[in-house]
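Peer 1: What follows is a structure written as structure tokens; I'll ask about it next.
The values are calculated or read from the model by the stated rules, or taken from the named source; none is laboratory data. As the structure is a computational prediction, the values presented were derived from the model and not from experiment. So basically every Cβ, Gly included, is an ideal-geometry build from the backbone, and we count neighbours across all protein chains shown.
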Amino acid sequence: MPDQGKLLVAILGPTSSGKSKLAFRAAQALNGEIVNCDSKQMYRLLEIGTAKPTLKQRGEIPHHLYDLLDPDQYFSAGRYMVEARKICQKIREGGKVPFVVGGTGLYLRALLEGVFEGPGRSQEIRERLNRIGDGKGLDYLYRLLERRDPAAAARIQPGDKVRILRGLEIYLLTGRPISQLQEQRDPLKHLFILKIGLRLPRPILYDRINGRVGEMFRSGLIEEVQQLLAKGYRPDCKGFQALGYRHAVAVLDGELSQEEAIEKTRIETRRYAKRQMTWFRREKEVHWIEGPGEDGPVLESLLKLVEKHHGIRSRHRP
């Protein structure tokens with residue numbers, strides 16, 4: 001008999017491709033539990049714009065790593081690795097299959113391949129670097145990183161302030177380049193990893209994205225943001241970096257009309273989907289399935305792959 005406790009299924013793909021729906025039905029068929037791999041779905045109180053599984057779905061199948069953070073909290077890939085590995089281990093020990101689902105490629109890579117977490121943040125160093133950036137500009141900090149750690153700088157966009165600051169902070173704290181330290185990885189071992197990717201023709205994916213964004217705003221995204229601001233969350237808090245939230249803030253500030261916010265969110269989301277696919281194409285050994293996650297043939301293809309590569313049959317198939 002195959003050892004079901006040794007299987008981990010990762011379902012990946014761009015936003016709006018139906019990953020969560022596929023994961024839910026596959027977990028039903030294969031006695032599984034779902035582990036979130038979407039950085040924005042970890043934030044509680046952010047509901048409308050993050051397309052989380054419904055409470056009904058979460059009641060029927062155990063879901064993990066949802067609603068974990070307040071909107072102003074930070075969560076690193078290293079911490080995700082630790083938390084997700086613990087949960088996957090518990091699921092496997094219970095004889096069930098972990099289904100890791102989401103579009104945050106960095107988190108998936110951290111889970112499967114390991115990631116260097118690094119020392120904790122230094123408020124003193126952060127403040128010093130921010131003062132330098134305020135005085136001399138982000139370009140100066142980027143050039144500083146290029147001199148200290150050219151390998152890391154080559155992988156970071158010149159406008160990515162968060163990663164530029166972290167690279168410099170690591171160097172100042174340890175005296176070693178972050179690119180060198182990141183080579184210290186600890187891959188996930190002792191289980192069979194099956195990666196399932198969803199791929200849709202671009203016009204169909206973009207139509208789905210446009211429809212989802214329109215529904216987000218019709219369902220009350222602006223009102224949700226207004227309530228969060230009234231609770232004291234700042235407009236620049238981490239959770240508001242989720243697609244749509246920043247533009248909802250701009251509507252409330254009178255900087256955009258709702259129609260403009262919808263269009264800008266659609267454009268940004270389509271660009272994000274393109275970046276996701278660029279990332280996931282680099283993933284090794286992905287079994288790509290054509291079609292959205294809610295389609296019956298897509299689920300059937302997944303179940304056949306599980307049976308072919310691991311010998312486990314769905315309890316709903318003959």
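Peer 1: Return the residue satisfying two criteria in turn: it lies in region 30-50 and is surrounded by 19 or more Cβ atoms within 10 Å (Cβ to Cβ) and aliphatic (A, V, I, L, M), and of such residues it is farthest from Lys231 (Cα to Cα).
Peer 2: Leu30
Peer 1: If you don't mind, another one. Of everything in region 178-223, what is at pLDDT below 90 and out of contact with any helix residue (DSSP H, G or I) (no Cβ under 6 Å at 6 or more places or on another chain)? Give them in sequence order.
Peer 2: Gln180, Leu181, Gln182, Glu183, Gln184, Asp186, Lys189, His190
Peer 1: Sort through Glu255, Glu259 and tell me the only one that's more than 26 Å from Leu69 (Cα to Cα) and either assigned by TED's automatic domain parsing to the domain that holds Arg148 or outside any helix (DSSP H, G or I) (or both).
Peer 2: Glu255
Peer 1: Moving to a separate point now. Check Asp149, Asp134, Asp67 and return the single one that is assigned by TED's automatic domain parsing to the domain that holds Ile193 and either more than 26 Å from the chain's Cα centre (by Cα) or under 27 Å from Ile34 (Cβ atoms) (or both).
Peer 2: Asp67
Peer 1: State whether one or more residues within region 292-303 are in a helix (DSSP H, G or I), in contact (Cβ under 8 Å) with a residue 24 or more places away in the chain and under 22 Å from Glu47 (Cα atoms). Spell out the reasoning first.
Peer 2: To start, the set of residues in region 292-303 that are in a helix (DSSP H, G or I) comprises 296-303.
Among the residues that remain, those that are also in contact (Cβ under 8 Å) with a residue 24 or more places away in the chain are: 298-299, 302-303.
If we keep only those that are under 22 Å from Glu47 (Cα atoms) as well, we get none.
No, every residue in region 292-303 fails to be in a helix (DSSP H, G or I), in contact (Cβ under 8 Å) with a residue 24 or more places away in the chain and under 22 Å from Glu47 (Cα atoms).
Peer 1: For the condition of a type outside the set (Val, Ile, Thr), in a loop (DSSP other than H, G, I, E, B) and crowded, with 19+ Cβ neighbours inside 10 Å, what is the one hit in Gly103, Gly95?
Peer 2: Gly103
Peer 1: Same structure, new question: Pro62: in the same structural domain as Tyr233 (by TED's automatic domain parsing), in contact with a Ser or Thr (Cβ under 8 Å, 6 or more places away or on another chain) and surrounded by fewer than 23 Cβ atoms within 10 Å (Cβ to Cβ), yes or no?
Peer 2: Details: in the same structural domain as Tyr233 (by TED's automatic domain parsing): yes; in contact with a Ser or Thr (Cβ under 8 Å, 6 or more places away or on another chain): no; surrounded by fewer than 23 Cβ atoms within 10 Å (Cβ to Cβ): yes.
The answer is no for Pro62.
Peer 1: In region 140-195, which residues are part of a loop (DSSP other than H, G, I, E, B) and more than 30 Å from Ile91 (Cβ to Cβ)?
Peer 2: If we filter region 140-195 for residues that are part of a loop (DSSP other than H, G, I, E, B), which is where we start, we get 149, 156-160, 175-177, 182-191.
Once the filter is applied, which keeps residues that are part of a loop (DSSP other than H, G, I, E, B) and more than 30 Å from Ile91 (Cβ to Cβ), region 140-195 yields Asp149, Ile156, Gln157, Pro158, Gly159, Asp160, Gly175, Arg176, Pro177.
Residue by residue, here is whether (1) out of contact with any Leu (no Cβ under 9 Å at 6 or more places or on another chain); (2) closer than 24 Å to Ser16 by Cα; (3) among the hydroxyl-bearing types (Ser, Thr, Tyr) holds:
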site: Leu221; (1), (2), (3): yes, yes, no
site: Gln226; (1), (2), (3): no, no, no
site: Ala230; (1), (2), (3): yes, no, no
site: Arg234; (1), (2), (3): yes, no, no
site: Leu256; (1), (2), (3): yes, no, no
site: Arg266; (1), (2), (3): yes, yes, no
